[in-house]
Amino acid sequence: MSSGPHIQIFDTTLRDGEQCPGAAMTGRQKLEVARQLARLGVDIIEAGFPIASRGDFDSVQEIARTVRGPVICGLARCVNADIDAAGAAVKPAGKKGRIHVFLGTSKIHRDFKLGKARHEILRLTTDGVRRARRFTSNVEFSPEDASRTEIDFLVEVVEAAISAGATTINLPDTTGYAAPEEYSNMFAQVIAQARGSANAVFSTHCHNDLGLAVANSLAAVQAGARQVECTLNGIGERAGNAALEEVVMALHTRADFFAHAHTNIQTREIVRTSRLVSAACGFPIPRNKAIVGLNAFAHSSGIHQDGILKKRETYEIIDPEIVGWGKTELPLTKHSGRAAVFARLKHLGYTLRPTELQAVFIRFKEIGDRKKFVHDDDLTSLVGAQIHVARETYSLESLACQSGTGRKPVATITLRHGRKILSAQGSGDGVVDSVMKTIDRITGLKGHLLDYSVRAVTEGKDAVGEVSLNVRFATKGEPASGRAAATDVIESSGRAYLAAVNRWLAEGGRVSSKTRSTLASP
Ligand code: KIV
Ligand code: ZN
């Protein structure tokens, strides 16, 4: 056991992470991720921004009700309605509920965003923290854009928050502007100068606009921060947040340098959690991503391979097994039964409902028929696509396409809509376009494809192709995302488009989009 300070890991994958464009997760997916975060051993889960939408409120409440272990936190601006919503959402967590209140404090935020003078910011800070304390004794306060706030004023704000009852003070580098030494100096000064600082835990929250989020977080730890806010795979607003796996493994690997600071993270769960998050939000993990990328432990040069064979530590600073790159399980095949598939899903970190298990099993069999081996990544992709679906208004019965050089592509599609079976044929610019236009013809919707990507989930010509896309179905309103996996990329495209249609219909047109983007500005 290490003798150094304990660093709390505050995971904001479900809040700041989910704020990154295209990473929206359904409530169901968020619950799966939250359960895995608990197994990973994070201390705090920031589950969402309850005032932003009914969906956010419900998912924070559901996580507070069902996930045990970590503290469950809801974000709020210094606005009564936000704080009340966050208080209600985290209530089921009881003593483990936290409200995180934030308010812009830098001159640029005061003058241009809020139109408030310093004394008004101080009053709002006090009022906001006091109101949050009515719901819970666990209150975090963030002076937003702390790293660009005048230091004397930052100290005043922090003192006001602590004396109003904040127990955690987070000093975010909201715009990813700070340099490590500068950021650590800010922590050192605030901790030394703010009255009452000994009664609060100081926290770091860094964005990656200059690629410095992890370096800045670690610099803050050296200056006294005892909580690090981060996300899996570094997802988050714009260029993202500090990556949890990098912060944790830097502290772990360089315990000698970081005064033996340690976390509660079960490092062997890191890779599994990273994949679950990637599948849930549809953001592939870059091959060269530290710790969790496919190349993170791949050695290609002969000199390196030779060194590794002689002694692993010559070129490897982390034992891959410590972060969960254990031995690969035997792949499943079409002959694998329900028990084997369900056991593998459990091993991958999923707690699925019986109906979801059944749906994944059906898709597993379909893929098993076309592919010799079904790998863990195939399965993760299938589940990701399956629980991405909100409620299936339309389901795919069959899809056939004709295309070829110099031929007009034609798609023939049959969908089920309740008890009705609906078929149509259509053509467009290429096969994928034909499929989408034909689905539009059946549903009566008119989707505008905003982005589309396809990736091979595993190696080989028979690899499962996973399609992720975003579609706008109305001029006003948020785009709907869809994801699907199949060995045939045209089929994945049709299924992903249909998933977006279903999501759009299930969410009733998403009128909340505008509100959401204005509210969720941090
Ligand atoms: O980046 C930021 O400042 C935030 C706050 C809400 C902490 O996300
Ligand atoms: Zn942030």
Residue check for ARG226: in the same structural domain as ALA161 (by TED's automatic domain parsing), charged (D, E, K, R) and in contact (Cβ under 8 Å) with a residue 60 or more places away in the chain:
yes
Selected residue [surrounded by 22 or more Cβ atoms within 10 Å (Cβ to Cβ) and among the hydroxyl-bearing types (Ser, Thr, Tyr)] from THR12, THR26
THR12
Pairs returned, first residue in region 171-192 that is under 17 Å from GLU156 (Cα atoms), second residue that is within 12 Å of ligand 1 (Cβ to nearest atom) and of a type in the set (Val, Ile, Thr), beta-carbon separation under 7 angstrom, 6 or more apart or interchain, are LEU171/THR204
For region 105-160, enumerate the residues that are hydrophobic (A, V, I, L, M, F, W, C), within 14 Å of ligand 1 (Cβ to nearest atom) and either outside any helix (DSSP H, G or I) or modelled with pLDDT under 95 (or both).
VAL139, PHE141
Name the pairs whose Cβ atoms lie under 6 Å apart, with the first residue in region 136-160 and at positive phi, the second of a type in the set (Ser, Thr, Tyr), and 6 or more positions between them or separate chains?
ASP145/SER106; ASP145/THR174
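Keeping to region 249-270, report how many residues are in a loop (DSSP other than H, G, I, E, B) and in contact (Cβ under 8 Å) with a residue 40 or more places away in the chain. Walk me through it before giving the result.
Taking region 249-270 as the starting set, the residues that turn out to be in a loop (DSSP other than H, G, I, E, B) are 254-261, 263-266.
Of the ones still in play, those that are also in contact (Cβ under 8 Å) with a residue 40 or more places away in the chain are 255, 258-261, 263-266.
Counting residues in region 249-270 that are in a loop (DSSP other than H, G, I, E, B) and in contact (Cβ under 8 Å) with a residue 40 or more places away in the chain gives 9.
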Single condition GLY236 does not satisfy, out of (1) within 16 Å of ligand 1 (Cβ to nearest atom); (2) buried (at least 24 other Cβ atoms within 10 Å of the Cβ); (3) closer than 24 Å to ILE285 by Cα; (4) without any contact (Cβ under 8 Å) to a residue 60 or more places away in the chain
(4)
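With the requirement that a residue be of a type in the set (A, V, I, L, M) and touching a Phe, Trp or Tyr at 6+ places or on another chain (Cβ under 6 Å), what does region 108-154 give you? Walk me through how you get there before you give the answer.
Step one: filter region 108-154 for residues of a type in the set (A, V, I, L, M), giving 108, 114, 117, 121-122, 124, 129, 132, 139, 146, 151, 154.
Within region 108-154, VAL129 is the sole residue that qualifies.
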Whether any residue in region 354-371 is modelled with pLDDT under 85, among the charged types (D, E, K, R) and closer than 26 Å to ASN502 by Cβ is what I want to check.
yes
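Results for (1) farther than 30 Å from ILE51 by Cα; (2) modelled with pLDDT under 90, shown as yes or no for each residue.
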position	(1), (2)
ASP433	yes, no
GLY447	no, no
ALA474	no, yes
ALA496	no, no
TRP504	no, yes
THR515	no, yes
From THR167, THR175, which residue is surrounded by fewer than 23 Cβ atoms within 10 Å (Cβ to Cβ) and within 11 Å of ligand 1 (Cβ to nearest atom)?
THR175
Every residue from region 123-135 that is buried (at least 23 other Cβ atoms within 10 Å of the Cβ) and either in contact (Cβ under 8 Å) with a residue 60 or more places away in the chain or among the acidic types (Asp, Glu) (or both)
none
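One residue is enough: does region 200-213 have a residue meeting the conditions part of a helix (DSSP H, G or I) and either more than 11 Å from ligand 1 (Cβ to nearest atom) or more than 21 Å from LEU40 (Cβ to Cβ) (or both)?
At the first step, the residues of region 200-213 found to be part of a helix (DSSP H, G or I) are 213.
Within this subset, residues satisfying the condition of being either more than 11 Å from ligand 1 (Cβ to nearest atom) or more than 21 Å from LEU40 (Cβ to Cβ) (or both) are none.
No, the conditions are met nowhere in region 200-213.
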Filtered residues of region 140-182 (kept if within 16 Å of ligand 2 (Cβ to nearest atom) and over 25 Å from ALA239 (Cα atoms)):
THR168
Quick count over region 214-248, residues being part of a strand (DSSP E or B) and within 17 Å of the chain's Cα centre (by Cα), is 6
Conditions: (1) more than 16 Å from ligand 2 (Cβ to nearest atom); (2) out of contact with any His (no Cβ under 7 Å at 6 or more places or on another chain); (3) over 18 Å from ARG275 (Cβ atoms); (4) assigned to a loop (DSSP other than H, G, I, E, B). PRO21 meets all but one. Number of the miss?
(1)
Inside region 173-221, can you point out the residues that are under 24 Å from ALA255 (Cβ atoms), of a type in the set (Ser, Thr, Tyr) and out of contact with any Cys (no Cβ under 6 Å at 6 or more places or on another chain)?
TYR183, SER184, SER203, THR204
When region 69-92 is checked residue by residue, the ones that are within 21 Å of the chain's Cα centre (by Cα) and among the small types (Gly, Ala, Ser) are GLY69, GLY74, ALA76, ALA86, ALA89
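The values are calculated or read from the model by the stated rules, or taken from the named source; none is laboratory data. Predicted model, so just to flag it, every value in this text is computed and none were measured. FYI the Cβ positions are ideal-geometry reconstructions off the backbone, even for glycines, and counts take in every protein chain you see.
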